Amino acid sequence: MAQISNYIVPGILAFITLYGLLHEVPVFDAFVSGARSGIGVAFRILPSLVALTTGVGMLRASGALDVFSYALSPLAQLLSLPVEVIPLALLRPISGSSAMVIFQDLLADFGPGSYVGRVASTMMGSTETTFYTIAIYFGASKITNTRHVLPAALTADLVGFIMSAWVVRTLLP
């Protein structure tokens, strides 16, 4: 028996098409126009994505990530964060794919049920790829002055990192 979830996306597409036809919207022309705009946005944000990807690759390959992790380990211990999740906390705001690689390594090394695995899982679910998101959304909308967005978003990430350890330690012993 097929699940209803298999029909949600096709149902939404059918609804949009029928709604457009009932309101005499040239559906295909609107689709082509939207796709053309989307390609333009993709080309506009591509340089930001290449810069982020290159920077993260260089950070990992140079060993700088290990140096930063070692330097931040006393602070992590003070905040009751497992030292092993520091690379995840450093890369999560920058790159979701790099953070996912580190996350998978942590789960493979320590197991998903371990303290490190549970803290890492909570971090992945409660924090954002801040720089990536800002680069994509502000680049797509051509906003150049981010003003308070970056400090507020990084503060939210820091709170998410600290609270991940606290939640796992306190609520999920």
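Nothing in this text is a laboratory measurement; each read-out follows from the coordinates by a stated rule. All values reported here derive from a predicted model rather than from experimental measurement. Note: ideal-geometry Cβ built from the backbone for every residue, glycine included; neighbour counts use all protein chains shown.
Identify which of Leu158, Leu21, Leu52 has the largest mean-square fluctuation in a Gaussian network model of the chain, with springs joining Cα atoms closer than 10 Å.
Residue with maximal mean-square fluctuation among Leu158, Leu21, Leu52: Leu21.
Mind checking which of Val101, Val119, Val27 has the largest fluctuation in a GNM of the chain, springs on alpha carbons under 10 Å?
Most flexible of the set in this elastic network: Val27.
How large is the charge dipole for the chain, taken about the Cα centre, if only the Cβ atoms of Lys, Arg (+1) and Asp, Glu (-1) carry charge, to the nearest 20 debye? Please list the in-between numbers first.
Details: 8 positive and 8 negative charges, 55 e Å.
Using Cβ point charges on Lys, Arg, Asp and Glu, the chain gives about 260 debye.
Compute the long axis of helix 8-22 from its Cα atoms, compare it with the longest principal axis of the Cα atoms of the chain, and write down the angle in degrees, 0 to 90, nearest 10.
30 degrees
Ordered by packing density, taken as the mean number of other Cβ atoms within 10 Å over each peptide's residues, highest first, how do 9-20, 84-95 rank?
Per-residue Cβ counts within 10 Å, averaged per peptide and sorted highest first, yield 84-95, 9-20.
Tell me the net charge near Val101. Cut-off is 14 Å between Cβ atoms, Val101 excluded, with +1 for each Lys or Arg and -1 for each Asp or Glu.
Working: positive: Arg60, Arg92; negative: Asp105, Asp109.
Neighbour charge sum, excluding Val101 itself: 0.
Sorted by packing (mean other beta-carbon atoms within 10 Å per residue), highest first, where do 123-135, 67-79 land?
On the way: 123-135: 18.5, 67-79: 12.8.
The packing order, highest mean first, is 123-135, 67-79.
Relative contact order for the chain: what is it in percent, counting Cα pairs under 8 Å that are at least 6 residues apart? Walk me through the numbers on the way to the answer.
Numbers: 127 pairs, mean separation 37.7, N = 173.
After rounding, I find 22 percent.
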